[in-house]
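Scroll down for the structure; my scribbles are underneath it.
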Amino acid sequence: MATNPMKIRAANKDGVTEVKVLISHEMETGQRKDASGATIPAWFITDLTAKHNDKVVLTSEFGTSISKNPFLAFRFKGGAKGDKVSVSWKDNKGETRSDEAAIA
Amino acid sequence: MRQNKLFVLLATFVAAAGGLGSTAVLADKASDEAAIARYREMIADGNPAELVAGQGEELWKTKRGPKNASLEQCDLGLGPGVVNGASARLPRYFKDTGRVQDLETRLMTCMETLQGIDPKAVIDAKWLKGERETMAALVAYIVTQSNGQKIAIDMKPPQMKKMYELGKMAFYYRSGPMDFACTTCHGEAGKRIRLQDLPDLRTQAGAAAGWGTWPAYRVSSGEFWTMQHRLNDCYRQQRTAEPIYGSDVTIALSVFLAATANGGPVLTPGLKR
């Protein structure tokens, strides 16, 4: 599932860019058990970074309290139409994924 | 005369007390509803069903099954390969199969005829496992292509009328240890369970609110549920026998709901608590 791309939308309005990211991830807490009683191993995003062109605009630490398929929205000052916004995450298994979109 | 006066006084008092009571209840209800509306607004922007729909679109175009074919030639009622607006017009009567079919049973037909996949693979699978997971993804993709359109069920074929009557019967039929029918929860206006409104499915507006917003992504479980899944879970909550996947009763209920909702907006995939 981790290979599914993120859906990123970014729009600039009055000098502020609003970014909306929909992430495909299981976000398994490690607290749940399956039908046979065995613990489902933890599998969740630990770090997420967002960049505007090459400048980091957001870094965050994710944890097990965040839902499956998380939705993240944030704003930063600046950004112009056509600029690149990229988002990348790393999970506790060491898997990573990076996607990008252009500001509309 | 004296007695009459007393009665009038009493009635006034009761009316006043009743008035006060209902005002307080109304205020509570209004703030609850505002809080629920705000919560919905917060989650509305990022419907994860979009992720499932993306997988579904891939699957639609992927060659699978013994015949190694894609579903791109599947006829959902508007001609081979036409997806846009198809689910807004389902269930419908199909001449080639001679049956009234909902989206999922129609997809089973396509999977069988085009790809050679035995419908049993879907019917016997568990929810969101195996071929039913594939089905859910396909459904997510297809219903997204009808988002914003209007529910348009063709009730002219006599087979549809028959299914409607059967569905109506099933809707009011009480069964199980609790003696519940669909109407027990969905036969009165202004009801809800936790954060979810329970639409009065007997009315056009209620049925449109229900039928028009399913299939949906459920935030609480992180799962995308098809209409078959939704209906099956209603039966489970009714504590009665769960219907076979794609069986006539599920299609009949779908026809009853969709026909009642006719003309209402399609807001699929929905987003639920």
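FYI, it's all coordinate maths here, none of it is from the lab. From a predicted model like this one, the values you see are computed outputs, not experimental measurements. When we count neighbours, we look across all protein chains shown, and the Cβ atoms used for this are built from the backbone with ideal geometry, even at glycine.
For the protein assembly as shown, place one equal point scatterer on every Cα, skip the solvent, and apply the Debye formula. What is log10 of I(q)/I(0) at q = 0.06 Å⁻¹?
Each listed q maps to, in turn, -0.30.
Dipole of chain B (Lys/Arg Cβ +1, Asp/Glu Cβ -1, origin at the Cα centre): which of B:Pro66, B:Gln145, B:Ser175 lies farthest to the positive side?
Farthest along the dipole direction, towards plus: B:Ser175.
Which GluC sites (Glu not before Pro) in region B:147-234 sit in a loop by DSSP (not H, G, I, E or B) and have at most 16 other Cβ atoms within 10 Å of their own Cβ?
B:Glu188
Is there a simple number for the mean count of other chain Cβ atoms within 10 Å of the Cβ of residues in B:44-55, and what is it?
Mean shielding by partner chains, rounded to a whole number: 5.
Does anything in region B:74-92 have its amide N under 20 Å from the 7 Å Cα→Cβ label point of B:Lys67, and if so which residues?
From region B:74-92, the list is B:74-83.
Starting from region B:34-65, pick out the trypsin sites (Lys or Arg not before Pro) whose DSSP state is loop and whose Cβ has at most 15 other Cβ atoms within 10 Å.
Answer in residue order: B:Lys63.
Pop out the Kirkwood hydrodynamic radius of chain A from its pairwise C-alpha distances, inverse of mean 1/r, in Å to one decimal.
With all distinct Cα pairs of chain A included, I get 14.5 Å.
Counting each DSSP H run of 4 or more residues in chain B as -39500 (n - 2.57), what helix-only mean residue ellipticity at 222 nm follows after dividing by all residues, to the nearest 500 deg cm²/dmol?
-16000 deg cm²/dmol
Give me the one-decimal nm value for the distance between modelled label points at A:Thr64 and B:Lys129, 7 Å along each residue's Cα-to-Cβ direction.
2.4
Considering all alpha-carbon pairs of region B:49-272, what whole percent are spaced by more than 30 angstrom?
Tail fraction, whole percent: 17.
Could you tell me the calculated FRET efficiency between B:Gln204 and A:Asn53, based on Cβ-Cβ distance and R0 = 56 angstrom, to the nearest 0.05?
0.60
Might you report the magnitude of the Cβ-based charge dipole of the protein assembly as shown about its Cα centre, with Lys and Arg at +1 and Asp and Glu at -1, to the nearest 20 debye?
800
So how much slack lies between B:Asp118 and B:Glu58, counting 0.36 nm per residue of separation and subtracting their Cα-Cα distance, in nm?
Length gained between B:Asp118 and B:Glu58: 19.5 nm.
Please find the FRET efficiency linking A:Lys13 to A:Lys84, where r is the Cβ-Cβ separation and R0 is fixed at 22 Å, and quote it to the nearest 0.05.
According to the calculation, E is roughly 0.75.
Hey, which lysines would be in cross-link range of B:Lys126, C-alpha to C-alpha under 25 Å, not counting anything within fewer than 8 residues on its own chain?
Filter leaves A:Lys33, A:Lys68, B:Lys61, B:Lys63, B:Lys67, B:Lys272.
7 Å from Cα along Cα→Cβ at both B:Ala35 and B:Arg99: what's the point-to-point distance in nm?
Inter-label distance under the simple model: 4.6 nm.
Can you return the aspartates and glutamates within cross-link range of A:Lys77? Criterion is Cα-Cα under 12 Å, with same-chain partners fewer than 8 residues away left out.
A:Asp14, A:Glu18
Could you size up the charge dipole of chain A around its Cα centre, putting +1 on the beta carbon of Lys and Arg and -1 on that of Asp and Glu, and report it in debye to the nearest 20?
It works out to roughly 300 debye.
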